[in-house]
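Written out below as structure tokens is the structure these notes cover.
The values are calculated or read from the model by the stated rules, or taken from the named source; none is laboratory data. Since this is a predicted model, take the numbers as computed values, not measurements. Don't worry about glycine lacking a Cβ; one is built from the backbone with ideal geometry, like all the others, and counts go over all protein chains shown. Note: accessible area is taken over every heavy atom of the protein model, side chains too, but ligands, DNA and RNA are not part of it. Shrake-Rupley method; radii C 1.70, N 1.55, O 1.52, S 1.80 Å.
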Amino acid sequence: MDITGNAFVTGGGDGIGKASCLVLAKEGAKGILVADINLKAAEETVAEATAASTNPSFRAEAIYLDVSDEDSVKKAVARMVESFGRIDYCVHCAGTGITGSRPVDEAKFDDLKGSLAIHVHGTFLITSLVSAAMKKQDLATVDSAHPERGGTRGSIVILGSYASLFPVRYMVPYTAAKHAVLAIAKTAAMESAAHNVRVNCICPGWTDTPMLRHSMEVYEGMTADSLLETIPINRLCSSYDVADAALFFCSPRSSYVTGLAYLVDGGMALTMKT
Ligand SMILES: NC(=O)c1ccc[n+]([C@@H]2O[C@H](COP(=O)([O-])OP(=O)(O)OC[C@H]3O[C@@H](n4cnc5c(N)ncnc54)[C@H](O)[C@@H]3O)[C@@H](O)[C@H]2O)c1
């Protein structure tokens, strides 16, 4: 996949973020800053990524990050630039799931505010500050064998959701936030293209991570079997299905792709009733 640079991964302590770190390390990344609100989990990812790495110069570090806090995001982005010199890839996975399943007339305002803080404020802060850092970086060649493919200053991959594109019943706080996340990704992609920075949004379906397992506990009637009824591929998404998509968007192999909402949903969208 021609992964040779430095990655900044938010939410890298678990789930999709952790899988992204391990896949990036295995594919040849030079460095990874694993950023998470759970520092211990981030440190465990650093150890596993180091064991999985294939680049002889590989180096990884962990940092505490709360994506909803501006100072915390500023510190993590500054640490990435200081310690690794350059942000080639940013994979923004930090997020939280739902607190329950409620129709809109019973939905809680506090749940909406919480979801907006983590997903919308977080995505805004990460995209804005990482874009600013990438804009200042030197232009790197995409593909020396094909100079017409131009140069890159970096690639940002944002975790949206199937809920970025479709309404999901009884999850209005999460669905509203994830629609806004996609809006940030698309706007940033349009504006940053001129600076050779790409921004894409991955929209996974039901992915087997700690977040989904928690959702099954609090969403009335949600079980693995009930979810499978909506998934043509007939299995839950693996965090590695999503990490492989992230790898492609980081890689120069996707040099002409920006502003995409990329479903990794096992065909779920095909089952939408019209
Ligand atoms: N699991 C799914 O079914 C699914 C589906 C679609 C989209 N997503 C999205 O993918 C992303 C990753 O989800 P996941 O399933 O891997 O979740 P997860 O709960 O397994 O992992 C999320 C990680 O983010 C960290 N985190 C939580 N709040 C944070 C904060 N404020 N600042 C920094 N780190 C924080 C957690 O400590 C954890 O390590 C999220 O944006 C989620 O909304 C998940």
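Data overview
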read-out: Accessible carbon and sulfur surface of segment 6-264 relative to its total accessible area, %, 1.4 Å; value: 54 percent
read-out: Flagged links, alpha-carbon separation over 29 Å, of Lys18/Lys108; Lys40/Lys74; Lys40/Lys186; Lys18/Lys178; Lys75/Lys178; value: Lys18/Lys108; Lys40/Lys186
read-out: Three-way shape call for segment 6-71 based on the alpha-carbon gyration tensor, with the a/c threshold at 1.5; value: prolate
read-out: Counting DSSP beta bridges with both ends in segment 6-264, the antiparallel % (nearest 5); value: 5 percent
read-out: Those chymotrypsin sites (Phe, Trp or Tyr not before Pro) in segment 166-274 that DSSP places in a loop and that have at most 14 other beta carbons within 10 Å; value: Tyr256
read-out: Label point at Asp110 placed 7 Å out along Cα→Cβ; residues across segment 156-188 whose backbone nitrogen lies under 20 Å; value: 171-177
read-out: Most mobile listed residue (Met134, Met222, Met80) in the chain, GNM with C-alpha springs under 10 Å; value: Met222
read-out: Loop sites in segment 135-234: GluC sites (Glu not before Pro), DSSP, at most 14 other Cβ within 10 Å; value: Glu220, Glu229
read-out: Shape of segment 157-197, Cα gyration tensor, a/c cut at 1.5; value: prolate
read-out: Value at 222 nm in deg cm²/dmol, rounded to 500, when DSSP H runs of n ≥ 4 in the chain each add -39,500 (n - 2.57); value: -12500 deg cm²/dmol
read-out: In Å², nearest 10: area of His121 left accessible to a 1.4 Å probe; value: 100 Å²
read-out: In nm, spacing of pseudo-spin labels at Glu48 and His146 (7 Å Cα→C-beta vector); value: 3.4 nm
read-out: Cα Rg, Dmax (largest Cα-Cα span) when computed across the chain, Å; value: 17.9, 58
read-out: Candidates Gly100, Gly160, Gly221, ranked by Gaussian network fluctuation over the chain, Cα under 10 Å, top entry; value: Gly221
read-out: Debye, to nearest 20: dipole size of segment 6-264, +1 on Lys, Arg Cβ, -1 on Asp, Glu Cβ; value: 700 debye
read-out: Rounded Å value of the spacing that divides the Cα centres of segment 19-81 and segment 245-264; value: 20 Å
read-out: For the chain, accessible area per residue (1.4 Å probe, heavy atoms of protein chains only), Å²; value: 47 Å²
read-out: Radius 14 Å from Cβ of Asn234, net charge of other residues (Lys, Arg +1; Asp, Glu -1); value: -4
read-out: Low-density loop positions, trypsin sites (Lys or Arg not before Pro), segment 225-274 - DSSP coil, at most 15 other Cβ in 10 Å; value: Arg235, Lys273
